[in-house]
Amino acid sequence: MNIPVLDPQGPVALLELHVMIITVVLCAIVVVPVFFLLFYFAWRYRAGSPRASALHLPDWDHDNLAAEFSWWLVPTIIIVVLAIIAWQSTHALDPYKPLAADVPPMEIDVVALDWKWLFIYPAQGIASINKVEFPAGTPVHFYLTADAPMNSFWIPALAGQIMVMPGMTTQLNVMADHPGTYAGMSANISGEGFSGMSFTADSVSEDDFDAWVSSTKAGANPLDQNSYAALAAPSSYLPVAYYGTVEQSLFDSILMKYMSASSSMEGMDMGMHMP
Amino acid sequence: MTYKPEELAADSKSVFGFFTYLMTDLVLFAALFATYAVLHSGVFGGPESEQIFNAPFALLETVILLASSFSCGMSLLAARRGSSRGVLTSLALTFILGGTFVVLELSEFARLAANGAGPGVSAFLSSYFTLVGTHGLHVAIGLVWMAALCVSIYARGLTRGNMRKLALLSLFWHFLDIIWIFIFTIVYLAGIIL
Amino acid sequence: MTLSHFIFGNLSFAALPENAIAWGGALVVVGGVLVVLALITFFNAWGWIWRDWLTSLDPKRIGIMYILVSVVMFVRGLFDVGLMRVQQATSVGDAHGILTATHFQEIFSAHGSIMIFFVAMGFMFGIVNLVLPLQIGARDVAFPFLNSASFWLFSAGAALINLSLIVGDFSTAGWLSYPPLSELAYSPTSGVDYWIWSLQIAGIGSLLSGVNFLATIVKMRARGMSYMKMPMFAWTVFGAMVLVVFAFPVLTVTLALLSLDRTLGMHFFTAAGGGNMMMYVNLIWAWGHPEVYILILPAFGIFSEVVATFSGKKLAGYVSMVYAIWAIVFLSWLVWLHHFFTMGAGADVNAFFGIMTAVIAIPTGVKIFNWLFTMYRGRIRFTSPMLWFMGFVVLFTLGGVAGVVLSEPVADYQLHNSLFLVAHFHTMIVSGVLFGYFAGITYWFPKVTGFHLDERWGIRAFWLWLVGFILAFGPLYILGFMGATRRLDHYDPSLGWQWLFIVAAVGAFLIMLGFLSQIIQLVVSIRDRKLNPDTTGDPWYGRTLEWSMRSPAPEYNFAVLPEVTERDEFWEMKKAALPRTAPAYEDIEVPRNSGAGILIGAFATVIGFGIIWHIWWLLVVGLVGVAACIIMRTFDEDTERVIPAAEVARIENMKTI
């Protein structure tokens, strides 16, 4: 069985799994006694038992302060520990925070469409549909936007997800430990073709990556405003496809569509991402 | 006037219930204010607040509404005196002032819409029209209530029930005044000055 | 605008159902309504239905009607489950299941909306209506007419969401309809409008009920019943109603703003125009999180009553439990962002809300320990309400662990919107809210009707629900870890998910058998009512005031309003074993019936339908109708009738059924 969340293939997913495990273990401190007491008390104080009939009519009050205190205190202590973990891990694993690595990060721009994923590689000048490829051991810095309703970008084997919205960018930093093929999908419903939006994330060796970039460039198939407009029309379950050239500032123009009624982009600083 | 205990209890229950409802209305307006705060910069290249708000006009609306609160207070004094005529006169004045307020507000909305600053132009304008318009809608409903209450007082006099309804109506009217003060400050003043 | 467009708005024959399953749904609704109307006519029961039920302002009648509507909506919600489970078990690879993607999306959106708004809320308000006045020693709620109007607004919402099966379609954007998917650009049909207006109208009913029950608790407790002498169920209702009055106005605003975007072209949440879709998400969850506590708190209150009664002991840690309720109420306002950690708010914000979410587990845990220690050294009877409680502890604790995992933002980054999340919240709602309400209905059934529910069928139902739930949702926790996101209508076989969906389908089927057992239980109990009567009014040897009068409770509840000196007053009364002398009966005033409530509901349905289909003259008719009903009611001075003392005496001395 392939259980990617429990079998992480990258440092981000690994640390996220650690937090899950620690949390469950801490909760067990409360859960185990609850289960034990429930069944133990149910058995021992059942109305039919000799012990129960030996008690007087149970009309007594023994609000036990010590017991009360302990079941406010113990969960509080557990929660304090969890709070420290939450603060620390949330800052360490902020999706916007670049990953520490020996190799410089690689940037990939992502556009969620109805109903496929467009990946633009600004440094390499190529693009792909429904497949993203990058070298293993290299941190990848995703910049994401949508030309579609709200989506969510998720490769469970590598990292937690990040929402993807039109008119704004979000970011996700990810790294794969070693070469492999990982499933990806949108984790937020976006319309009829939503289920046909799965993609694969391929991490490959440096050499294989360079070879793939060269062969994609050689295959031409330009991604410009016209071919983008055709691509953006609603379609689902698309096969993987590649573009050998990508129009400069295509990603920014997609972003800007939602910013203003006027089509002019001069002098506008919207804090958008410039490659 | 002496009141039976169950009548006092019924009054206290009604006032509590109505006050609770007013607090839910406060939450409703708070949500609209929050929306306005978040969206007032969403002009989408269209008109901004200092371009469309008219300070003297907003001040006129404020004065009229405050005056109507004053006349509403007068109606309660008249009720305490037992003068149904006094109550009806004060309420009529309140109605006229409140009605003027609504008409002025509608005319401002019409002017803005005709000049390319309608609610469908941008998020800023949508939130402005909705916040201010919701207040105006409450005022209009208050006017309908006022008219019905006047009919009841005219027909039956200052019965126990009518006194109670008058108390609740005046709570409602003063509440709307308070909301307007916030609107005047946060929307108009801040929008023009800041 | 042509004349036909003016008359019919956007209605056209294209609005009729589009496939066989959809036609099936439409015919069931139409057929069901016709069958009910035919039966009433056949039994010549219109007078009785109108007088004793539809126009009644007795909260015990209103409560039963709430529960009946909820049961009917439960049928539809469970049927949705069947369709969804079959789809997800079969739509793999080349197969695409029994539903189109769009239809599947409508069905899960309807399922969630119906279960929360028309099943859970309906059961909750129903039980509160039945029990709250009795528990606090009152004869009625604070505003009886408002109570009726609230019920009929609830029913109007239910009517609209059922009308969507016949004409038009439903939202495909999930039970919370996030924009921009729910905006006109991406959802141009009537579906989202049906969603908006059925929830908006029902929501206003809920808000008014919140005001009503709050005023009831604050102003109508029996003399001597200070707050700290109130039964625990009343405390939880108090907390829940405080949440209602703060949360529901936010829902009203949010739905209104989305409607303004769709109907009048505004730009609150649109992708362009300066709108901010994240504002919607914040607003809807500022309502949405308190909503789940609104549902669970009364269920906790029911468990407090049930555990105490069936352990034969007073509730452990009463003061602690009260503080826990208010801690939950307060904290429920500080956690809403945990529903969208993945929206990119930054580490400081995410961490704060994650910590607050974990903190709210503390008072909840305290309650569980107090229930367990109520059992300690008690004499425990394993009636079906007690079984529901035990099933609750087992499942809710595990679901709670899942919740604490999700409260860690970095864990949530992986599991958000996965089937792990779906399994978590179903665990909380089914084992907490539903099991609690099932226990409560069984527990208070004799007081309301005068006879018991059949215990054998109740126990069968319990086991089917428990085992069914584990089979239906256990696989979903695993699927979440396997990277399965929610709301998929199709997936690839290489993912290895299918067998888990098949197990889940089996579990869902068992749950449906459990529900069927409950229907059979009801039928059998009514058939055998003379064999299982409640002859004393105190069938469980209870502790609180609702058990102090005969069953079924008479219209006026208490012939003589009680005076309270202790917590668990009725238990103390029994202990003191005072001789029951016939008290001096007095005339009792009760509200007259009123048809204005059902008329308001009908006109509200008209308002909703008019807006949805852009039939503006119909909208005006609806608005004028509602206004007229309200104004006419305010002019009505003759709203009470008197039950003479002699009649009270006669009722009090009647033999039970």
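A short reminder: the numbers here are calculations on the coordinates, not readings from a lab. The model shown is predicted, which means the values in this text are computed figures rather than measured ones. Please note: Cβ atoms are built from the backbone with ideal geometry, for glycine as well, and neighbour counts cover all protein chains shown.
Using the Karplus relation 6.51 cos²θ - 1.76 cosθ + 1.60 with θ = phi - 60°, the per-residue 3J(HN,Hα) values for segment C:39-56 come to 5, 4, 5, 4, 8, 6, 9, 4, x, 4, 4, 5, 6, 7, 10, 5, 9, 6 Hz, with x marking Gly and Pro. Dividing the Cα radius of gyration of chain A by 2.2 N^0.38 Å, with N the residue count, gives 1.42. Taking amide H as placed 1.01 Å from N in the peptide plane, residue C:489 has its amide H under 5 Å from the amide H of A:195, each at least 5 places away in sequence or on another chain.
First obtain the Kirkwood hydrodynamic radius of the protein assembly as shown from its Cα pairs, then insert it into the Stokes-Einstein equation at 37 °C and 0.692 mPa s, and state the resulting D in µm² per second as a whole number. Mind dumping the intermediate values first?
Values: Rh = 31.7 Å.
The diffusion coefficient I find is 104 µm²/s.
Contact order for chain C, expressed relative to its length and based on alpha carbon pairs under 8 Å spaced 6+ residues apart, stands at 18 percent. Reported value for segment B:29-182: 98 Å³ per residue, from the convex hull of its C-alpha atoms.
Once whole DSSP H runs in chain B are found, which of them have Cα atoms spread over 27 Å or more along the helix axis and a mean Kyte-Doolittle score of at least 1.0? Mind showing how you got there, number by number?
Numbers: long enough: B:5-39 (51 Å, 1.03); B:55-81 (39 Å, 1.19); B:84-114 (44 Å, 1.21); B:123-156 (49 Å, 1.31); B:160-183 (35 Å, 0.96).
Helices meeting the span and hydropathy rule in chain B are B:5-39, B:55-81, B:84-114, B:123-156.
Packing, taken as the mean count of other beta carbons within 10 Å per residue, orders the peptides C:535-547, A:72-84 from highest to lowest as C:535-547, A:72-84.
Could you work out the per residue convex hull volume over the alpha carbons of segment A:136-198, in cubic angstrom? Please report the intermediate quantities before stating the final value.
Numbers: hull volume 4.7 nm³, N = 63.
About 74 Å³ per residue, rounded to a whole number.
Averaged over residues, the count of other Cβ atoms within 10 Å places the peptides C:44-52, A:133-141 in the sequence A:133-141, C:44-52, highest first.
Dividing the alpha-carbon radius of gyration of chain C by the rule-of-thumb value 2.2 N^0.38 Å gives 0.96. Give, as a single signed number, the net charge of other residues whose beta carbon lies under 15 Å from the beta carbon of residue C:246, with Lys and Arg counted +1 and Asp and Glu -1. Neighbour charge sum, excluding residue C:246 itself: -2.
Using a cut-off of 13 Å between beta-carbons, work out the net charge of the residues near residue A:15 (Lys and Arg +1, Asp and Glu -1, residue A:15 not included).
On the way: positive: A:97; negative: A:16, A:94, A:177, C:408.
Once positives and negatives cancel, what remains is -3.
Centroid-to-centroid, using Cα positions, segment C:553-582 and segment A:211-257 are 79 Å apart. Cα centroid separation, segment C:372-403 to segment B:117-194: 50 Å. Using the empirical formula 2.2 N^0.38 Å as the baseline, the Cα radius of gyration of segment A:162-256 reaches a ratio of 1.22.
Close amide-amide hydrogen proximity is noted between residue A:126 and A:121, each under 5 Å apart and 5 or more residues distant or on a separate chain (H modeled in the peptide plane; Pro and chain starts excluded).
Take peptides C:58-67, C:401-410 and line them up by average Cβ neighbours within 10 Å, highest first, as a rough protection proxy.
On the way: C:58-67: 23.5, C:401-410: 25.4.
In descending order of packing, they fall as C:401-410, C:58-67.
Under the membrane-span-like helix rule (DSSP H runs whose alpha carbons stretch at least 20 Å along the helix axis, mean Kyte-Doolittle hydropathy 1.6 or higher), chain A yields A:11-44.
Can you say what percent of the DSSP beta bridges in segment A:106-269, counting only those with both residues inside, are antiparallel? Round to 5. The antiparallel fraction comes to roughly 65 percent. Here the average projected area of the convex hull drawn through the C-alpha atoms of segment C:133-232 stands at 8.2 nm². What separates the Cα centres of segment C:170-224 and segment C:468-528 is a distance of 27 Å.
What share of Cα pairs, in percent, lie more than 24 angstrom apart in segment A:106-269?
Working: 4074 of 13366 pairs.
Across segment A:106-269, Cα pairs with separations above 24 Å total 30 percent.
Residue by residue along C:361-370, Cβ atoms of other protein chains within 10 Å of the local Cβ number 6 on average.
Taking θ as phi - 60° and the Karplus parameters 6.51, -1.76 and 1.60, the scalar couplings of segment C:251-258 work out to 5, 4, 5, 4, 4, 4, 5, 5 Hz in sequence order, x denoting glycine and proline.
Taking every alpha-carbon pair under 8 Å whose residues sit at least 6 apart, chain B reaches a relative contact order of 32 percent. Counting Cβ atoms of other protein chains within 10 Å of each residue's Cβ and taking the mean over peptide C:147-155 gives 0.
Cα gyration tensor of segment C:478-634, axes a ≥ b ≥ c as square roots of the eigenvalues: rounded (a/c below 1.5), prolate (a/b > b/c) or oblate? Mind dumping the intermediate values first?
Values: a/c = 2.85, a/b = 1.30, b/c = 2.18.
It is oblate, given that a/c is not under 1.5 and a/b is not larger than b/c.
Whole-Hz Karplus values for segment C:6-17 come out as 5, 6, 9, x, 8, 5, 7, 5, 5, 7, 6, x Hz, taken residue by residue from phi with 6.51 cos²θ - 1.76 cosθ + 1.60 and θ = phi - 60°; glycine and proline positions read x.
Average partner chain C-beta neighbours within 10 Å, per residue of A:36-45?
Details: counts 1, 8, 9, 3, 3, 10, 9, 1, 4, 9.
Per-residue shielding by partner chains comes out at 6.
Using Cα pairs closer than 8 Å and at least 6 residues apart in sequence, work out the relative contact order for segment A:106-269, in percent. Present the calculation step by step, with values, prior to reporting the outcome.
Numbers: 374 pairs, mean separation 44.8, N = 164.
Contact order relative to length: 27 percent.
Go through C:219/C:575; C:60/C:530; B:13/C:530; B:4/C:229; B:13/C:575 and tell me which ones have a Cα-Cα distance over 31 Å in this structure. Flagged as over cut-off: B:13/C:530; B:13/C:575. Radius of gyration over Kirkwood radius for segment C:363-415, both on Cα atoms: the Rg/Rh ratio is 1.14.
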